[in-house]
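Here, each number is a calculation from the coordinates, and none is a lab measurement. Since this is a predicted model, take the numbers as computed values, not measurements. Virtual Cβ from ideal backbone geometry, glycine too; neighbours counted across all protein chains shown.
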Amino acid sequence: MSENKNKLRNISELGEFGLIDLITKNVTIHHKNTVMGIGDDAAIIDNGKLCSVVTTDLLVEGIHFNLIYTPLKHLGYKAVVVNLSDVYAMNATPKQITVSIAISGKFAVEHIEEIYEGINLACKHYNVDLVGGDTSSSMTGLAISVTAIGEAKKEDIAYRSTANKNDILCVTGDLGAAYMGLQLLEREKEIFKSTDGAQPKLDGYDYILERQLKPEARKDVIELLKELKVKPTSMIDISDGLSSEILHICKKSDVGCKIFQEKIPIDQNTEQMAKELNMEPLIAALNGGEDYELLFTIDINDLDKIKDQPMIHAIGHIADKEHGAVMITNAGQSITLEAQGWNQMKEE
Ligand code: ADP
Ligand code: MG
């Protein structure tokens, strides 16, 4: 590392996306079969009949999870699910994973067994094989990196960059619950720390807690869309909040969009928790993270096929780039969407 500190730039100036841009600006693609490199939910490699889909995610203790309130089995499960979500977001089917872990001295054999119980459970549930990985010790805490490999027919793959004007924007499930689950866990952690022996009050909050601690990837939606014969014109998974993901699609597809606040699906458990914490549930849906729902666009002619599906909600449409990416509020105001996301590297 260079000693001249005056010339060094602070990473927080760039933020996560700025840093990825910096890392990747000098990357050269050498092979024709690298159909998609950096820049989508997963890379795509053309193998002739089928394409391989590859994605990886790293979970770091203290950054992505807090072991005070995260059961290790759930952590193992979630580490797999967040990767599978990126494979589904390409409209592909995950088949294999590799798992790499770095373990600090505070962990016992039983702890690692618990993590792998969760990993194996996710493999069973999503029908994927654990085929390798790497194991290391760590100075500071636990890190888990999972790589998922999937497959899809080339013509089935849905990118972020292919949304067209007038396409309908859809989201699955409901949004903001995982974020409210995290807020609840953080509140109880603070009470536990500041009040001697106070036990966390988590009863009755099952839904938001499960959304935070044991999320699922939308395998069911990908299967449903195939059944309905709907191919999304573009797709991304919602890991950083709706606003951030909509802006990814708009930027990559060179379009704008209009969404409607009243159409954004928010569960009543999320609303209730937000009320209790004096927060706005809409903010959790737009800017909270870790919902692992899918955001996709469909041709307007496919709208009839999805409109009675309870798992899928049409929230707006794609517009010309000049219109920007806007949300019409319930009061009729037009608000420009901003990517707040979980930009952990960028200081507020
Ligand atoms: P997602 O939220 O879907 O997991 P990310 O925002 O993490 O996607 O990453 C965006 C793109 O940047 C992906 O194509 C990812 O593979 C790539 N990427 C992220 N970090 C790195 C890195 N350190 N080196 C190379 N590519 C990276
Ligand atoms: Mg993604």
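Some values worked out for this structure:
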item	result
Sequence-distant aspartates and glutamates (8 or more away, or on other chains) whose Cα lies within less than 15 Å of Lys165	Asp254, Asp299, Asp302, Asp320, Glu322
For the range 97-143, with +1 on Lys and Arg beta carbons and -1 on Asp and Glu, the positive-most of Gly132, Ser100, Ile119 along the dipole	Ser100
Neighbourhood net charge (12 Å Cβ-Cβ; Lys/Arg +1, Asp/Glu -1) for Arg187	-1
Reciprocal of mean inverse Cα separation for the chain (Kirkwood radius, Å)	21.3 Å
DSSP bridge orientation in the chain - percent antiparallel, rounded to nearest 5	75 percent
By average C-beta atoms within 10 angstrom, highest first, the peptides 311-317, 87-93, 294-300, 278-284	87-93, 294-300, 311-317, 278-284
Amide H partners (placed H, <5 Å) of Leu130, local residues excluded	Ile97
Selection from Leu50, Asn66, His31, by position along the positive dipole direction of the range 29-110 (Cβ)	Leu50
Segment Ser136-Glu186, extension gain: residue separation times 0.36 nm, minus the distance between their alpha carbons	15.0 nm
Candidates Glu271, Glu188, Glu290, ranked by Gaussian network fluctuation over the chain, Cα under 10 Å, top entry	Glu188
Kirkwood Rh in Å, taken over the range 31-156 so that all alpha-carbon pairs contribute	15.1 Å
Global geometry of the range 223-282, whether rounded, prolate or oblate, following the gyration tensor of its Cα atoms and the 1.5 cut on a/c	oblate
Long-range amide H partners of Asn91 with built H, under 5 Å	Ala158
Contour excess over end-to-end distance, with Cα ends at Ile112 and Asn278 and 0.36 nm allotted per residue	55.9 nm
Estimated vicinal HN-Hα couplings, Hz - the range 48-55 in sequence order (Karplus 6.51, -1.76, 1.60; Gly, Pro = x)	x, 5, 10, 9, 8, 10, 10, 8
Alpha-carbon gyration tensor eigenvalues x 5, square-rooted, for the range 168-336, Å	32, 18, 13
